[in-house]
Structure formats: structure tokens, C-alpha cells
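See structure below.
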Amino acid sequence: MTTANMITLARIALIPIFMYCAISEGAQGNWIALAIFAFASLTDGVDGYIARKYNQITDFGKLVDPLADKLLVMSALLILLEQGVIPSWACILILAREFTVSSLRSIAASKGVVLAASWWGKVKTVSQLICVMYLLAGFDDIMLGSLSLQNLLVWIMVFFTVFSGYDYLRRNFGLIKDGLVK
């Protein structure tokens, strides 16, 4: 087992601990959950750096690393949904994008094509992490005219999530168009 893969598995192992803290009563649980989420998010960059620098890129890592990222973010979003902090439509759109891109990656893999993360996918990830961390922090909402900062961050996160999904589909439509064209 490579160091990069062990870090990725550690990120997955942190998810239930994060979830337990996030659903615990009181501000202390929220702050601990936020710290765990932030630390786990940072490990994503660390495992990728180690994998590239020390030539530890594996098929296992290619499968598990994006899965770990999605599990971490989706667990946070679903907890925030349950707590009434984030609207259901935002979670549905984010889930739909993740399933769509994962399915597209599966189709690509079956055809021997690897879909690398795009620049928009990286922007999506950063917007999700910033939004989730802000929401987990539980700050009093700041009003920006008629829109709250919380709502603005959710809209930005959803925009980049949906746009990056559109970008993946647009750039790789040739992989799936065979059922549409005769």
C-alpha cells in the first residue's frame, strides 16, 4: 500500500468521525467537525502531491481518491440539509452532477479513455469546500443587500458544480453520443 493511498483511506476513515461531531449537540461539536472537515480536505492535496512526486499513482488511488472527496463533501452537505442549513435543491443538483460525471468517467474507462480533472472541476471543488466550511462554522448570516452571504455561497457552489458538469459533458459528448446518432 502506497503512502498516498494510506492518506486517502485515512480521509475516508475521518468521515464517520466528522459526521458524529457534526450531528452532536452544541457549538463544540460543530467546531471539531469543521476542523476534521478542513483537515480531511487538505489531505486530498497532500495525497495527490505525494502520488505524483514519488510516482505512487495507482489504479486503486485513481478510483478511491475521487470517491473519498465525494463521500466527504456529500456527507457534509447531507448533514447540513438535515439541519436545515442548505436547501434540498442544491443537494440534488450537486448529487446529480457527481453521478453524471462519475458515470461519464465509467463510460470513458470502458473505452480506454481517462478523464482527467478539469480546471472547472477544481474550481467546483474549491467552491464546495469554502461553502461547506462556512456553513459548518455556523456564523451569524451576513446580509449583502437582499442576499445573505450563506445563500450567495450556496449559489456559487451550485453554479460551479453544475457548470463543471456541463463542461465535462460538452468536452466528452463523443463518448456517449452513439445512442443519439444513427
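A few comments on the model shown:
- Once the Cα atoms are used to define both axes, helix 88-110 deviates from the longest principal axis of the chain by about 20 degrees.
- The mean sequence distance of close C-alpha pairs (under 8 Å, at least 6 residues apart), as a share of the length of the chain, puts its relative contact order at 24 percent.
- Tilt relative to the chain, helix 27-53 - C-alpha long axis, 0 to 90 degrees, to 10: 30
- For LYS111, the lysines whose Cα falls under 21 Å of its own Cα, not counting residues fewer than eight places away in the same chain, are LYS62, LYS177, LYS182.
- Counted by Cβ distance under 14 Å from ALA68, the other residues give a net charge of -2, where Lys and Arg count +1 and Asp and Glu count -1.
- Relative contact order of segment 1-94, pairs being alpha-carbon contacts under 8 Å that are 6 or more residues apart, as %: 35
- Equivalent ellipsoid semi-axes, segment 29-131, via Cα gyration tensor eigenvalues times 5, rooted, Å: 25, 19, 10
- Segment LEU175-GLN28, length gained on full extension (0.36 nm per residue, minus Cα span): 48.1 nm
- Charge sum, other residues only, whose C-beta stays under 10 Å from SER118's C-beta, Lys/Arg counted +1 and Asp/Glu -1: +2
- Degrees, to the nearest 10: 3-23 long Cα axis against longest axis of the chain: 40
Coordinate-derived values only; no laboratory data. Quick caveat: nothing in here was measured; it's all calculated off a predicted structure. Neighbour counts run over all protein chains shown; Cβ positions are idealised from the backbone, glycine included.
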